[in-house]
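Below: one structure, written as structure tokens.
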Amino acid sequence: MDLHILDHKLRVTSISKTGLQQYTHPLIKLIFLRNRTRCKFFSLTETPENYTVVLDEEGFKELQPSEHLQVEGSTWLPLNVVSNGNTSSSSQAVGVTKIAKSVIAPLAEQHVSVFMLSTYQTDFILVREKDLSVVVETLVEEFNIFREEGGESVPVHSQDACNGLQRNGREVPHATVHPVLIPENQFCVMSLDPDTLPAIATTLIDVLFYSNSPKEGASVDQDMKCIKFFSFSLIDGYVSLVMDTEAQRQFPADLLFTSSSGELWRMARIGGQPLGFDECGIVAQISQPLADSDISAYYISTFSFDHALDF
């Protein structure tokens, strides 16, 4: 298998719901006006707490600093696994399942924090740029590693790397076991032709910015009936959407497409308190048991919590 380090440098940010109106214009520009921005990697996920926005340096320029914008201090690089010329999600068991043992678990063992973003097309494993040498050293025996530079795939060779943890003889700490909440919503993982975005603009804006169900700012329902979760990604010209069935009914059925089986997914939300970015092994804790059982799963990290979707 091949591991590609994509030609994007990403920032992970959070916009508070109370400050959303300050960022509505740049977000609409990033979603709908591709010809007016040089942003090539953009992902927006709404949760009950906030909006997580992951975007490249060109897109990040659109977000003005304010008290409503939190920015994780690191620069992140997206990795993508390719097998037989196809991205990892095209394998029989889709999503994070296929890379749990080969990528996520080894990185957790080396105390490398990852931020996961599964889309309709593929899975992106985000790692901090400062951890790249450790990532290469850890995965080079399992993968042919390439770095994309200006449209070219350049081989990356093993480097001497040390992350100051296991290689210094200290035991890697075990990840904290976090509570898992399972709401009753059923979710769809979908896509559409980016040229049809104008046709759903009104609906998409309404769902993202004006939906009041569940109420804005509300935490997870104590009875676990449902949570507000909607994810939109526009990455290198490909659109991916994750939404519950209630939101799906608001969109024209003939524009959105999913797999031929049209499966619905349930969500497990990981974390009782905001997880932070330095803890390692959270994704591995969830993905490895699913991989052992050959259960397909998508995984979306956000600024505060993680979310796994499976059948």
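The values are calculated or read from the model by the stated rules, or taken from the named source; none is laboratory data. On a predicted model such as this, the values are computed, not experimentally measured, just so you know. Here the Cβ is made from the backbone with ideal geometry for all residues, glycine too, and neighbour counts use every protein chain on show. Accessible surface is based on the protein model in full, side chains and every heavy atom, while ligands, DNA and RNA are left aside. Shrake-Rupley method; radii C 1.70, N 1.55, O 1.52, S 1.80 Å.
Rounded is the label for the chain. Its Cα gyration tensor axes, ordered a ≥ b ≥ c, give a/c under 1.5.
Averaging the Cα positions of each part gives two centres, and for the range 266-285 and the range 195-210 these lie 30 Å apart. Annotation for the range 109-140 versus the range 1-27: alpha-carbon center distance of 17 Å.
Assuming charge only on the beta carbon of Lys and Arg (+1) and of Asp and Glu (-1), the dipole of the range 1-90 about its Cα centre is about 320 debye to the nearest 20. Using a probe of 1.4 Å on the protein chains alone, the accessible area found for Thr75 is around 40 Å². Counting only DSSP beta bridges whose two residues both lie in the chain, roughly 95 percent are antiparallel. Taking a ≥ b ≥ c as the square roots of the eigenvalues of the Cα gyration tensor, an a/c ratio of 1.5 or more together with a/b no larger than b/c marks the range 249-305 as oblate. Which is the longest stretch in the chain that no exposed loop site breaks, taking sites as GluC sites (Glu not before Pro) with a DSSP loop state and at most 15 other Cβ atoms within 10 Å? By the stated rule (loop sites, at most 15 other Cβ atoms within 10 Å), 68-140.
For the chain, the residue among Leu33, Leu309, His178 whose Cα projects farthest onto the positive side of the dipole built from Cβ charges is Leu33.
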